[in-house]
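Since the structure comes first, as structure tokens, the remarks are kept for the end.
The values are calculated or read from the model by the stated rules, or taken from the named source; none is laboratory data. It should be emphasised that the depicted structure is a prediction, and the values quoted were computed from it without experimental measurement. Because the Cβ atoms are built from the backbone with ideal geometry, glycine has one as well, and the counts that use them run over all protein chains shown. Note: accessible area is taken over every heavy atom of the protein model, side chains too, but ligands, DNA and RNA are not part of it. Shrake-Rupley method; radii C 1.70, N 1.55, O 1.52, S 1.80 Å.
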Amino acid sequence: MLQEIFKKFDTELDGELTITPYGDGHINDTYLVNGKYIMQGINTTIFKNPQRLMENIVMVTEHLKEKIVEKGGDPLAETLTVVRTRDGKIMEMGEDGRAYRVYVFIVSDSYNSADSAELVYNEARAFGQFHKQLSDFDASRLFEVIPDFHNTKKRFATFLDTLRADKCGRAEGVREEIEFFLSREEYAGRVVDILGTKEMPLRVTHNDTKLNNILFKKGTKDALSIIDLDTVMPGSILYDFGDAIRTGASLAAEDERDLSKVGINMELFSAFTRGFLAESAESLTKTEREMLAFSAILLTFECGMRFLTDYLDGDNYFKTSREGHNLDRARTQIRMVMDMEQRLSEMNKIVGA
Ligand code: ADP
Ligand code: GN1
Ligand code: MG
């Protein structure tokens, strides 16, 4: 069936197709086709309106491509390229009820956890540039793909509902983890309560800045392309900074079981901050700057709470490949938050708040 769907797209491939699962995303079904194209089954349980989602991606990538060409870059390598079907559509519905899309494959390296300050510095500059390139994009054109995506208060409310329902009877075994989030409820409103004010403006943001959503030039540590544009929506710049620290300033994988390996690496945190500020310092408001370090705690707290919520709910949202996978992920996030809480004043010094 994948072969038939792929053939509807307007590519030069007409012989035998080799379609293999690809990448480590938690949301969509991703395949590499003949080493030249990425085909994805969009997760329509999560993205309920894939057509509008794809319209967002077409608008955003067209805007980015103009900027890339202006600076003499390569528009096929430095952002996603949506391949249309032979009859001009931007996605194709499969018989399985899934929505499929095709992108040009970007030859690159990708990382699930950081390996050097150089990598993370380049990552941060690339995200900073991404914001700059989208700063003149009219946010009102964007469809809100997942409403309240980073509304941490709503995420907290969902966590409480799921906990009350406890439909898999898992709460009893994870009392400590539950208590961790309950006792930090106050974090949840700190950004969302002032979002949209002059001090915490809405900007066009990526909203999913984990390390494997940025590709690096093969064999180098140079950032090449920011991908996974599914959640590009109006948001706070703190969402992108904080979420990037969650994975970019950690030497351990998001699902590491040996918690003694988990924590924030201050050298990586400094490198990311330096790269990010090199691009964005002038555009940050005083409040954004003051909350930059805290945003790393907030986004890690939010993500950990989402993992634990999904564990309690029976693992319906994030893809898992082993028993307790979401619980392992929640535990690494808890450990990261605890470590950052200890080091917050040091982090604030580094960001210059
Ligand atoms: P998910 O929402 O499931 O995370 P992504 O769009 O991030 O889906 O894709 C999953 C992975 O596939 C990425 O982390 C990346 O490694 C790879 N990938 C996606 N699109 C491309 C592309 N155009 N070129 C190269 N690799 C890609
Ligand atoms: C998901 O799509 P992916 O795997 O890059 C999730 C993010 C989480 C991340 C945690 C649409 O990112 O919000 O932070 O997992 N994406 C969506 O690893 O929910
Ligand atoms: Mg991804």
| request: Look through segment 34-57, keep the residues that are touching a Ser or Thr at 6+ places or on another chain (Cβ under 7 Å) and part of a strand (DSSP E or B), and return whichever of them is farthest from ligand 2 (Cβ to nearest atom). | output: Y37
| request: For segment 62-71, indicate whether the set of residues that are surrounded by 16 or more Cβ atoms within 10 Å (Cβ to Cβ) and under 19 Å from the mean Cα position of the chain (by Cα) is non-empty. | output: yes
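Would you confirm whether any residue within segment 156-167 is part of a loop (DSSP other than H, G, I, E, B), open to solvent by 30 Å² or more (accessible area, probe 1.4 Å) and assigned by TED's automatic domain parsing to the domain that holds I245?
Among the residues of segment 156-167, at least one is part of a loop (DSSP other than H, G, I, E, B), open to solvent by 30 Å² or more (accessible area, probe 1.4 Å) and assigned by TED's automatic domain parsing to the domain that holds I245, which makes the answer yes.
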| note | Of the listed residues (E341, E323), the one being open to solvent by 10 Å² or more (accessible area, probe 1.4 Å), over 20 Å from A157 (Cβ atoms) and in contact with a helix residue (DSSP H, G or I) (Cβ under 8 Å, 6 or more places away or on another chain) is E341
| field | Residue ID - nearest to V104 (Cα to Cα), chosen from residues in segment 25-74 that are within 16 Å of ligand 3 (Cβ to nearest atom) and of a type in the set (G, A, S) | value | G41
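Within segment 174-190, identify whether any single residue is of a type in the set (D, E, K, R), more than 18 Å from the chain's Cα centre (by Cα) and within 16 Å of ligand 1 (Cβ to nearest atom), and answer yes or no.
Looking through segment 174-190, none of the residues is of a type in the set (D, E, K, R), more than 18 Å from the chain's Cα centre (by Cα) and within 16 Å of ligand 1 (Cβ to nearest atom).
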| task | Kindly establish whether S280 is surrounded by 18 or more Cβ atoms within 10 Å (Cβ to Cβ), under 26 Å from L160 (Cβ atoms), in contact (Cβ under 8 Å) with a residue 60 or more places away in the chain and in the same structural domain as R246 (by TED's automatic domain parsing). | result | no
| message | All but one of (1) within 10 Å of ligand 2 (Cβ to nearest atom); (2) open to solvent by less than 30 Å² (accessible area, probe 1.4 Å) hold for D240; state the number of the condition that does not hold. | response | (1)
| request: Would you check if D29 is in the same structural domain as R86 (by TED's automatic domain parsing), modelled with pLDDT under 95 and open to solvent by 30 Å² or more (accessible area, probe 1.4 Å)? | output: no
| message | Restricting to segment 112-166, name every residue that is more than 14 Å from F272 (Cβ to Cβ) and among the small types (G, A, S). | response | S135, A139, S140, A157, A165
| said: I'd like to know if segment 112-130 contains one or more residues that are farther than 13 Å from H206 by Cα, among the hydroxyl-bearing types (S, T, Y) and within 16 Å of ligand 1 (Cβ to nearest atom). | reply: yes
| field | Enumeration of residues in segment 288-344 that are over 16 Å from the mean Cα position of the chain (by Cα) and within 16 Å of ligand 1 (Cβ to nearest atom) | value | D310, D315, N316, T320, S321, H325, N326
| note | Over segment 201-229, the set of residues within 14 Å of ligand 3 (Cβ to nearest atom) and in contact with a helix residue (DSSP H, G or I) (Cβ under 6 Å, 6 or more places away or on another chain) is H206, N207, D208, T209, K210, L211, I214, I226, I227, D228, L229
| remark: Of D230, D243, D258, the only residue that is touching a Lys or Arg at 6+ places or on another chain (Cβ under 7 Å) and assigned by TED's automatic domain parsing to the domain that holds P201 is D243
| said: Against the condition under 19 Å from G128 (Cβ atoms), of a type in the set (G, A, S), within 16 Å of ligand 3 (Cβ to nearest atom) and crowded, with 20+ Cβ neighbours inside 10 Å, how does A249 come out, does it pass? | reply: no
| request: Report, by residue number, each residue of segment 79-116 that is within 27 Å of D222 (Cβ to Cβ), open to solvent by 20 Å² or more (accessible area, probe 1.4 Å) and either in contact with a Cys (Cβ under 8 Å, 6 or more places away or on another chain) or part of a strand (DSSP E or B) (or both). | output: V82, V104, D109
